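Taking it in order: structure first as structure tokens, then the write-up.
The values are calculated or read from the model by the stated rules, or taken from the named source; none is laboratory data. Here the structure is a predicted model, which is why all the values come from computation and not from measurement. We place every Cβ from the backbone using ideal geometry, glycine too, and count neighbours over all the protein chains shown.
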Amino acid sequence: MTGAGATDPADRHRWIEPGAHPVAPGVWRIPTVLPMDGLKAVNIYALSDGPGITLIDGGWALSAAREALADGLARIGAGLGDVRRFLVTHAHRDHYTNAVAVRREFGTRVLIGAGERGTIDAATDPRRRSGPTDRLGVLRRHGAGAVVDALRELGRPPEEDYEQPDAWIADGDRFEVGDRVLQAIHTPGHTRGHLVFADHAARLMFAGDHVLPHITPSVGFEPDPSADALRTYLGALRLVRDLPDMELLPAHGPTGGRTHRRVDELMAHHERRLAEMLSVLPATGATSYDVANQVTWTSRHRKFADLDPFNQMLAVMETALHLELLLHRGAVTRTEVDDLRVYAPAATSG
């Protein structure tokens, strides 16, 4: 959620203008609205697929988002009924739930990565929607009880937006889409089952939330986040860096960037954040919540107290994952004190 890479503020939001914006032969970017203060839209990519259309990602199940998608398709001479399938990068609401809504009306196939099974099972099974592994419980262990209380006051979005997909996508699966072939590449970190879709021949990468042009993707944002999510994410960034350089087609933000350059920026950003968090960690130890309050957030360097509860949650989780990576590297220690996770600099780190 922090800024890494600057650009002219006047240009940063032009990408949200509605329509169907061509990005390559037979490929259009259709921004659809989000009900959020920070992220204003999600890009859905429409690809010519014989007599129909394949969509990468589906958007949020909102009437305004559905209208934006329908209007974008109309500009390329298609309608929602012409969509053959959704290839969804990950299970977050702003990528998955509108695909489910369209399927209810048109029977459109919805496919998503196999690594998202646990998240979707939890969202579709009332018995698993909360419990000891729920994200709020994790926040409490990191000292963020005040954030949990604020989130509970906001309530939870309806889980009926979620259903099981028609098929699970495995790492390496290939899809013929018109005259192109897309390869699904497992890039965990943002979520366990996140996928990017690579058109190797055209050097295009439909990157979902794995690589974003103007912000750093949140990591481990799922009901039961792995403590190794940041390490996993950095490994998946290196995986993308080892591929040939491609045009970056992100889920949020404008197109036109390159994967190698942006991955390098993201890797450097996380190394800076690791050093920063270690530098503010007191010798007596602190929780992730304490450390999150000592550093600034977003490209505007906002104080933690100035963030809304949702972004405070992301900040605490991001801090926890950085501290866990420092623990893995031997730079900090971790103890459990009164059901709280407390981190302190290792004796050898200073």
In the stretch 293-302, the residues that are under 18 Å from L274 (Cβ atoms), without any contact (Cβ under 8 Å) to a residue 40 or more places away in the chain and not in a loop (DSSP other than H, G, I, E, B)
none
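Please go through the stretch 23-37 and pick out each residue that is of a type outside the set (V, I, T), closer than 12 Å to A64 by Cβ and modelled with pLDDT under 95. Quick ask: steps written out before the conclusion?
At the first step, the residues of the stretch 23-37 found to be of a type outside the set (V, I, T) are 24-26, 28-29, 31, 34-37.
This time we only want the ones that are closer than 12 Å to A64 by Cβ, so: 31, 34-35.
Listed by number, the residues that qualify are L34, P35.
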State yes or no: is G330 in the same structural domain as F206 (by TED's automatic domain parsing) and surrounded by fewer than 17 Cβ atoms within 10 Å (Cβ to Cβ)?
no
The stretch 91-112 residues that are more than 18 Å from S218 (Cβ to Cβ), paired with ones that are acidic (D, E) and buried (at least 24 other Cβ atoms within 10 Å of the Cβ) (beta carbon under 8 Å, 6 or more apart)
A99/D57
Being crowded, with 22+ Cβ neighbours inside 10 Å and either farther than 30 Å from A123 by Cα or among the β-branched types (V, I, T) (or both) is the requirement here; does R258 meet it?
no
Any residue at all in the stretch 184-204 that is of a type in the set (G, A, S), in contact (Cβ under 8 Å) with a residue 24 or more places away in the chain, surrounded by fewer than 16 Cβ atoms within 10 Å (Cβ to Cβ) and not in a loop (DSSP other than H, G, I, E, B)?
no
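Pick from R192, R261, R231: which is under 13 Å from the mean Cα position of the chain (by Cα), over 23 Å from W28 (Cβ atoms) and among the basic types (K, R)? Can you show your working first?
Working: R261 fails: under 13 Å from the mean Cα position of the chain (by Cα); R231 fails: under 13 Å from the mean Cα position of the chain (by Cα).
Result of the check over R192, R261, R231: R192.
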Of the listed residues (A236, A305), the one being surrounded by 20 or more Cβ atoms within 10 Å (Cβ to Cβ), assigned to a helix (DSSP H, G or I) and among the small types (G, A, S) is A236
Residues of the stretch 55-91 being closer than 17 Å to T191 by Cβ and over 17 Å from the mean Cα position of the chain (by Cα), in sequence order, are F86
